[in-house]
1. For the stretch 16-40, enumerate the residues that are within 15 Å of K51 (Cα to Cα) and basic (K, R).
2. Counting only residues that are out of contact with any Phe, Trp or Tyr (no Cβ under 7 Å at 6 or more places or on another chain), give me the strands (runs of 3 or more DSSP E) lying completely in the stretch 192-244 with at least 3 of them.
3. Only residues that are assigned to a helix (DSSP H, G or I) and more than 15 Å from E21 (Cα to Cα): list them for the stretch 49-70, please.
4. Kindly check whether there is at least one residue in the stretch 245-267 that is under 14 Å from A192 (Cα atoms), surrounded by 14 or more Cβ atoms within 10 Å (Cβ to Cβ), small (G, A, S) and at pLDDT 90 or above.
5. Residues in the stretch 19-29 that are more than 12 Å from Y60 (Cβ to Cβ) and either touching a Lys or Arg at 6+ places or on another chain (Cβ under 9 Å) or not small (G, A, S) (or both): how many?
6. If you take the residues in the stretch 89-125 that are among the basic types (K, R) and touching a residue at least 24 places away in the same chain (Cβ under 8 Å), which one is nearest to L137 (Cα to Cα)?
7. Keeping to the stretch 186-213, report how many residues are surrounded by fewer than 18 Cβ atoms within 10 Å (Cβ to Cβ) and either in contact (Cβ under 8 Å) with a residue 24 or more places away in the chain or closer than 17 Å to V272 by Cα (or both).
Amino acid sequence: MQCSAKAARSYRPLTQVDREEIMIGLRNGDSIRTIATELGRHPSVISRQVKANSTEDGRYQAVWAHNRSKRRRRLSRQRERIADLHVRAYVRNKLTLGWSPEQIAGRIGFDMPGKRISYETIYWYVFKVERELTRYLACGRKNRRKRKYKNAKRSLIPERTGIEQRPEGANNRSECGHWEADTAVSRQSKAALMVLQERALGLTFLEKLPRCAADEMAAALTERLERLPEHLRRSITFDNGQENRGHLQLQNELGVATYFCNPYSSWERGSVENAVGLTRRVWPKKTDYELISDDEIAMVEYRLNTRPRKRFGYLTPLEYASRVALTG
């Protein structure tokens, strides 16, 4: 009796019962083809099984063959990922710097010519091999919580201009010099962190504020932006926090246009919200900003500006800014 075409094409691992039948058939002197017919298998399956799992003296023991086969299958699924030690060290180093697996995968070709790695492989390696590296990943909740929006209150910011009037060059990132500003605060002290993000170049500026207030915010923004040429300080987009009441000072002293997003619409300033999130990975919400030194802030600012960006072809903001030569 010949095996059916379906049985020949389908893959069914041999069970321990199958191996016992093979052992009995061999001891009775049956041929490989006869045993295959009895089990409904192709003769080559039985032949490979006997050759691969026989003992050194040529005998086929069902239990021993079954255990050896299971061990071989288990080990075959444990293929080592990131076998290249240099690539592994590169991945580990960049993760500790706060880079995402996708950024590492996109950037490795620049730093290590000829090397390639998938970001999925990096995730697999982190979760399966070096789980201690998971603390460097940007972790979020498994399920997003539904936001509860309050009724928008009357804005108390004088001469406020809505984001709807922001120029198209700022909206589509085709023009340099348009910024978004925000603050990261903590209940531990009055000190806060100002985060300033440029939309087209991706540059990030960080500055510690003695308190989250309008005068301190305006002074910090003026101090950072007045160093830049005029074409790199066209506008700033704020939220409706009271620390942004001093926006008119920026207009008068620097000639910078100021715009405000709609109440409870932080997504309209997605760039700076993302930048604030990145700083939170270094300084969680309960961090006392009063205890953070200016050197620490400068170090984190440098790290953010040397992280590769997918939209820049995995160049860093500093590299991309130098490419466009800051010519406006």
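1. The answer is R19, R33.
2. Numbers: elements: 192-198, 204-209, 235-238.
In the stretch 192-244, 204-209 are the strands (runs of 3 or more DSSP E) which contain 3 or more residues that are out of contact with any Phe, Trp or Tyr (no Cβ under 7 Å at 6 or more places or on another chain).
3. Step one: of the stretch 49-70, the residues assigned to a helix (DSSP H, G or I) are 49-53, 62-70.
Result: K51, A52, N67, R68, S69, K70.
4. Applying the first criterion (under 14 Å from A192 (Cα atoms)) to the stretch 245-267 yields none.
The answer is no, given that none of the residues of the stretch 245-267 is under 14 Å from A192 (Cα atoms), surrounded by 14 or more Cβ atoms within 10 Å (Cβ to Cβ), small (G, A, S) and at pLDDT 90 or above.
5. Residues of the stretch 19-29 more than 12 Å from Y60 (Cβ to Cβ): 28-29.
If we keep only those that are either touching a Lys or Arg at 6+ places or on another chain (Cβ under 9 Å) or not small (G, A, S) (or both) as well, we get 28.
Residues flagged as more than 12 Å from Y60 (Cβ to Cβ) and either touching a Lys or Arg at 6+ places or on another chain (Cβ under 9 Å) or not small (G, A, S) (or both) within the stretch 19-29 amount to 1.
6. Step one: of the stretch 89-125, the residues among the basic types (K, R) are 92, 94, 107, 115-116.
Pick out the ones that are also touching a residue at least 24 places away in the same chain (Cβ under 8 Å) and you get 92, 107, 115.
Numbers: R92: 11, R107: 17, K115: 22 Å.
The residue in question is R92.
7. Filtering the stretch 186-213 down to residues surrounded by fewer than 18 Cβ atoms within 10 Å (Cβ to Cβ) leaves 187-190, 208, 210-211, 213.
If we keep only those that are either in contact (Cβ under 8 Å) with a residue 24 or more places away in the chain or closer than 17 Å to V272 by Cα (or both) too, we end up with 187-190, 208, 213.
The total comes to 6.
The values are calculated or read from the model by the stated rules, or taken from the named source; none is laboratory data. The structure presented is a predicted model; accordingly, all values stated were derived computationally and were not measured. FYI the Cβ positions are ideal-geometry reconstructions off the backbone, even for glycines, and counts take in every protein chain you see.
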